[in-house]
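So the structure is just underneath, and the comments pick up after that.
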Amino acid sequence: MMTLTDKQKFARFLDITNDFLDCGYRKSPKEDKYDDNPRLNSDDFDTIEKIAAEIRACSNCSLSEKRQNAAPGEGCLSPLVMVIGEGPGQEEDAQGRPFVGRAGQLLDKMLLSINLSRNENCFIANVVKCRPPGNRDPHPEETAACAHFLERQITLLKPKFILAAGRVAAQTLLGTSEPIGKLRGKFTFLDIAGSSFPFLVTYHPAALLRSEDLKRPAWEDLKLLRLKIDSSRNEEL
Ligand code: URA
């Protein structure tokens, strides 16, 4: 029998080695490995798939009552950037995937403009995983009920950078009511479960669809993110 400490060490080792595997959405790569070893019970380890299954079965707040599908999140499992939005809209609710409607298509283009994509190097998620009716802002008790899922996703994925898309995501993650105009455009750190992640806020793609004027500052934010990614790479060399 392995001790708990051995198991924890092994989990950390698997986390590190997974970084060397190709990106892209893969079904439970860790569980595949655990299944090979009868001494290890995969139920002891958190995985993105396990969190997603819990989200799909969740009834911790009233948003679950009206959903067609929860949208747990998707993308690269060792992401350079984790993009965090507000919550699923109509299309996301229909498909059970984040950012797949008009705003999501624009988000994909915004990411592509700085060589990022959900298939290659990003993970996309939201602060709430079920659609707020009529696309209203999620209520504080709803973001609170969902917070542990996002925290576990961040802890597991260990993104190099976090990009908050829009006011609701930014204010929820930072625990502030500062307007987005004050929060965007500068790097800070987001502290999650004892780890600190470089953190940038930008406008939500849906806001860009409504207002041309926001495209320029959003582009400045994206260039800043690219610059920060490139300079952190140079520092590593
Ligand atoms: N808006 C969001 O904030 N998230 C989505 O997944 C879709 C639209």
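What follows is calculated from the coordinates using simple rules that are stated; it is not laboratory data. Here the structure is a predicted model, which is why all the values come from computation and not from measurement. Heads up, the Cβs are rebuilt from the backbone with ideal geometry, glycines too, and the neighbour counts pull from every protein chain shown.
Numerical summary
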read-out: Mean-position separation - Cα centroids, segment 101-136 and segment 198-237, in angstrom; value: 14
read-out: Virtual spin-label span in nm between LYS215 and SER117, 7 Å along Cα→Cβ; value: 2.2
read-out: Potential extension, ASP137-ARG226 segment - 0.36 nm per residue separation minus Cα distance; value: 29.1 nm
read-out: Rounded to 5, the percent of DSSP beta bridges in segment 72-211 classed as antiparallel; value: 35
